[in-house]
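What follows is one structure encoded as structure tokens, with my remarks underneath.
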Amino acid sequence: MGDIVTFNPPGGTPTFVGRGSKIEHPDVLPIFWGPYWPGSGSLTTSAIMQAIRSVASGPYLDGLKQYGYEGPTSVRGEMIDSSTPGINPTSSAKNYGDVVYDFISNLLDNDSIDNVDDNHDLVVAVFLDPSIPPPPGATGANSSIEKFEFLDDNTRFEWAWIATGGRDVQAVSQTFSHELVEAITDPFNTGLHQTAPASASDQGQIGDVCNQPATIGGAGVVAYWSTADNACIIPTPGTRRVYLTIDVTAIESHDGPAERVYVDLGRPLCDAGYFDYVERTYRNNIIVKADLRGYESPIVGWTINGQTVSLYEDNIEVNATWQEPPYSNLWVPRFRKPTATLGARHSSPSATELDITVGPNEGNVALSIGCFVSESFDVSTGTGSTTRTATLQILVTNQEIAWGQAYKDAKKACEHNKNRYVGPAGGVRPPQPGDPPDLAQILVKLLTENGPNRTASIEQAAQLVRNFNNELADALMSHVNRSQ
């Protein structure tokens, strides 16, 4: 069994008392009564039978095991009786039940129901012709029938009628599931019965206190009371999960005018000077997809940085940052908007895709995208037990500084020098074979002092290392030439 969907009972928490009876292995016989059957369009015996089998074979009835149901539930092939039900559409639900009772009694008298003798697991479900509308306040009911047999156990089984007039297959299946659950747990009016709060004379079974609809395995069902869960429940086959994937595409780029700025990359090992750059912005298209597992009729919602995305089209403001060239007294930072505007599109309540556009001329953003999903039947009537969430973090570059080739070359040379002469701890590398033992101390002193004799000292050091480290000597002389 997968997730158990829970609901709060509309009338408050009930108390049920078991009186012993239950049906452990239901044997369901569907009978379609009326000249309409086998039907046409979407309301047909075939469609209803498919729903009945889905209810019986899935996990929906598993919650009844706490009451003594063992399963499985078998479903016989349908019977069709084309005679016209003699039901007055303006009569009460009791009159509907009386007419159906007489109909079933006649079938028994004519030996039209197979395997009925001593079969107390039998549940006969009579689907009325759609020409007969439901009576006021009811779409079905369940009861029992008992026929005396001399010197033998009485014929005794449960039966129910289900109205189909003005209803679709989903609604008909919901009523069937309701009556089946109650027939299993309160057969012959000696099973589970509500004792508090007091119920109406024709109520008091475990489906009457709940009745929230749902879709399980494609079939309509309704909730029933679970003492074990202290809630109305619908056992379902799915274990609900939500997974997010994302795709970011920079579909446009825009370059501002060429500019220059003075940059010191870190003398003495690195260069300094004026370098060209442009400010580049992008128009990014972001597609977030939700992969839903175990859902049948999901309602999907989205958040961006904690803000709920409205259905269809929405604009969301988020904090933004901007890349800037290194600050110097020759360059004044410009004003930057502290937020970026995102365009978000969520096409329908069931859509599993969120489209986001941002830029150009917007700052860089860090997005936390959240997705929350519930079954449609759980949104308005339930306690949110089908709600699952997933989040995804992403950094989106909408703006950056694009440097010219001279800067890139200088940066590369800078990294080369640092890697060659500076160790991982940030100091000069240990002496190599052939280096003077105090080479590290000499270089540190040369590169950190700024006295009047600094240039001469560096030239002297270059001559000192020329015979055994020519590249280091060249680097020192190059630094002298840049400094003059």
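The values are calculated or read from the model by the stated rules, or taken from the named source; none is laboratory data. These numbers come from a predicted model, not from an experiment. Glycine also receives a Cβ, built like all others from the backbone with ideal geometry; neighbour counts cover every protein chain displayed.
Counting only strands (runs of 3 or more DSSP E) that sit completely within the range 137-200, those holding 2 or more residues that are of a type in the set (A, V, I, L, M) and in contact with a strand residue (DSSP E or B) (Cβ under 7 Å, 6 or more places away or on another chain) correspond to 140-147, 155-162. Evaluate the range 211-220: report whether one residue or more is outside any helix (DSSP H, G or I), within 30 Å of V288 (Cα to Cα), in contact with a Pro (Cβ under 9 Å, 6 or more places away or on another chain) and hydrophobic (A, V, I, L, M, F, W, C). Scanning the range 211-220 turns up at least one residue that is outside any helix (DSSP H, G or I), within 30 Å of V288 (Cα to Cα), in contact with a Pro (Cβ under 9 Å, 6 or more places away or on another chain) and hydrophobic (A, V, I, L, M, F, W, C). Condition first: closer than 30 Å to T387 by Cβ and not hydroxyl-bearing (S, T, Y). Can you find one or more residues in the range 262-270 that meet it? Among the residues of the range 262-270, not one is closer than 30 Å to T387 by Cβ and not hydroxyl-bearing (S, T, Y), which makes the answer no.
Restricting attention to the range 67-99, the residues that are loosely packed, with under 13 Cβ neighbours inside 10 Å and part of a helix (DSSP H, G or I) add up to 1.
Against the list (1) without any contact (Cβ under 8 Å) to a residue 12 or more places away in the chain; (2) in contact with a strand residue (DSSP E or B) (Cβ under 8 Å, 6 or more places away or on another chain), the condition N110 fails is (2). Within the range 302-318, is there a residue that is in contact with a helix residue (DSSP H, G or I) (Cβ under 8 Å, 6 or more places away or on another chain), buried (at least 17 other Cβ atoms within 10 Å of the Cβ) and assigned by TED's automatic domain parsing to the domain that holds T339? No, the range 302-318 has no match at all. The criterion of at least 2 residues that are more than 30 Å from T387 (Cα to Cα) is met by the following strands (runs of 3 or more DSSP E) wholly inside the range 1-63: 27-33.
Pairs linking a residue in the range 119-133 that is assigned by TED's automatic domain parsing to the domain that holds F157 to a residue that is surrounded by fewer than 19 Cβ atoms within 10 Å (Cβ to Cβ) and small (G, A, S), with Cβ atoms under 7 Å and 6 or more positions apart or on different chains, are P130/G165; S131/G165; I132/G165; P133/G165; P133/G166. Considering (1) surrounded by fewer than 18 Cβ atoms within 10 Å (Cβ to Cβ); (2) assigned to a loop (DSSP other than H, G, I, E, B), the lone condition that D102 does not fulfil carries the number (2). Just one of the listed residues (T190, T175) is out of contact with any Asp or Glu (no Cβ under 6 Å at 6 or more places or on another chain), β-branched (V, I, T), within 19 Å of S143 (Cβ to Cβ) and crowded, with 16+ Cβ neighbours inside 10 Å, and it is T175. Among the residues of the range 23-42, those identified as in contact with an Asp or Glu (Cβ under 8 Å, 6 or more places away or on another chain) and either surrounded by fewer than 20 Cβ atoms within 10 Å (Cβ to Cβ) or among the acidic types (D, E) (or both) are E24, H25, D27, P35, S42.
Would you pick out the residues in the range 329-348 that are surrounded by 12 or more Cβ atoms within 10 Å (Cβ to Cβ) and modelled with pLDDT under 80? Listed by number, the list holds a single entry, W331.
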